[in-house]
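First the structure, in the form of structure tokens, and then the observations on it.
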């Protein structure tokens, strides 16, 4: 393509707001970028781990690893298991470093009981549900909050059981792969899986966060 005499070549991978987007919107390039950066920092932390307390190592891991794993991770909704496994491997390695466990030691149980970390894909569900909660509380821009439509407000559905349980309308999608990954579908779908107590409008933000973590631990 030539614009004003300059030749412009299309790129298969671009960066937008810190997210690496590839041509087919699979975000595989972004996962590769995140895992590569996280393992780099984990290697550096291993060099000084003996000089750190558990609490200090925990703080550093949350700052250097969790910040990357959780950034825009709502985009990982509907991700293939193979991609989520790569992110989970980073989380397991980080937990092992914080707890000082040997390389091949089982870490999943300790990650939940000692560090109170959510695994993948629970971390994605947590972000989706928290964002949906804020949409329903009108704490988000209109372009997001309008995507969360209570079933009770839909004509012809106000008498359904889902309306009484504060569920949201999950719109139909025209595509099988990309459609369900959009927040308009993934957000309400994740919200509807929560218990009716969590979906109640009177639940405060702090209580919602604590209860949501407890709920996801059980999955």
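The values are calculated or read from the model by the stated rules, or taken from the named source; none is laboratory data. Nothing here was measured: the structure is a model prediction, and the numbers come from that model. Positions of Cβ are backbone-derived with ideal geometry, glycine not excepted, and every protein chain shown enters the neighbour counts.
Structure data summary
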| quantity | calculated |
| --- | --- |
| Selection within the range 62-85 - surrounded by 15 or more Cβ atoms within 10 Å (Cβ to Cβ) and part of a helix (DSSP H, G or I) | 62, 64, 65, 66, 68, 69, 73, 74, 75, 76, 83, 84 |
| Residue tally, condition exposed (fewer than 12 other Cβ atoms within 10 Å of the Cβ) and under 24 Å from the mean Cα position of the chain (by Cα), over the range 1-35 | 6 |
| Single match in 29, 110, 95 (criterion: in contact with a strand residue (DSSP E or B) (Cβ under 9 Å, 6 or more places away or on another chain) and part of a helix (DSSP H, G or I)) | 29 |
| Yes/no for residue 93 being surrounded by 17 or more Cβ atoms within 10 Å (Cβ to Cβ), over 20 Å from residue 218 (Cβ atoms) and in contact (Cβ under 8 Å) with a residue 12 or more places away in the chain | yes |
| Among the residues listed as 59, 20, the single one being in a strand (DSSP E or B) and free of Cβ contacts under 8 Å to residues at least 24 places away in the same chain | 20 |
| Leading residue by the ranking (modelled with the lowest pLDDT) among those in the range 1-17 that are part of a loop (DSSP other than H, G, I, E, B) and in contact with a strand residue (DSSP E or B) (Cβ under 9 Å, 6 or more places away or on another chain) | 1 |
| Matching residues, the range 103-118, being crowded, with 16+ Cβ neighbours inside 10 Å and over 18 Å from residue 210 (Cβ atoms) | 107, 110, 111 |
